[in-house]
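This report concerns only the one structure given below.
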Amino acid sequence: MTKRKRVAILISGRGSNMESLIRAAQDPDYPAEIVTVVSNRPDAPGLARAKALGIEAVPLDHTKFPSRMTFELKLNGILIERQVDLVCNAGFMRLLTAEFVNRWLDRHLNIHPSLLPAFPGLDTHQRVLDSGAWITGASVHFVRVEMDAGPIVAQAAVPVAPGDTADSLAERVLAAEHRLYPHALELVASGAAYVIDGRVLYTTPGVPLRAAMISPPPLTKSEPQG
Ligand code: GRF
């Protein structure tokens, strides 16, 4: 197997997506290894979670830096020191400057809990419910300066159920995220998905089909149709 890509995960909170990536990378055949987790919030529960899984966990409190730029210089230094190839945002709640984004261009992923380009930004699930949409989901995309924008690597569709609250919908989408992110990172780290002219291309025709997930899968003919 070619050398596994060295991945840093950036978090701000509980780190359940982080954990799904760490667990996927425990398989020696997975094309990426997680070398560090950095949180801009020193009290993020995800830090303890990473440590418990045997991964270095670095608190990097952004409030202790005089500017966005000095915070990012330190962050970049941590990534360079650890010879990181790819960066994965997983519930990382800090906006990054164009300088940092361009430094890691096409080597930097984010997960967002909607079918982008619909519903970027915060309060996603409530806005989906308010809109009356019956399908939502999750997207993994390459990071660009605009929030929750950039070439899409993989998506999972999740139905909205009658009576859903923002919390119940978030829970169902999160379960899809936990399957989607390891799958998307695998595509990128193995070189099966890459960016050309602002779009993600795949090395083989079968890959895009695998990059579009439906969760739960549609009913087959043998299953009761209700
Ligand atoms: C996820 O829903 C992710 O899509 C969004 O923030 C949430 C983070 O959850 N960006 P966790 O910290 O990974 O549990």
Honestly segment 35-117 on the Cα gyration tensor test (a ≥ b ≥ c root eigenvalues; a/c under 1.5 rounded, otherwise a/b vs b/c for prolate or oblate) is just rounded
Test of the criteria: in segment 40-93, which trypsin sites (Lys or Arg not before Pro) are in a DSSP loop and have at most 16 other Cβ atoms within 10 angstrom of their Cβ?
R82
Return the distance in nm (one decimal) between the two label points of a simple spin-label model at K74 and L129, each offset 7 Å from Cα along Cα→Cβ.
3.8 nm
Summed residue charge, Cβ within 14 Å of P59's Cβ, Lys/Arg positive, Asp/Glu negative
+3
Stokes-Einstein diffusion coefficient of the chain, Kirkwood radius over Cα pairs, 4 °C, 1.567 mPa s, in µm²/s:
71 µm²/s
Segment 59-91 and segment 8-34 have their Cα centres apart by a whole-number Å value of 17 Å
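Since every read-out is calculated from the coordinates, none of them should be taken as a lab result. Keep in mind that what you see is a predicted model, and the values were worked out from it rather than measured. Note: ideal-geometry Cβ built from the backbone for every residue, glycine included; neighbour counts use all protein chains shown.
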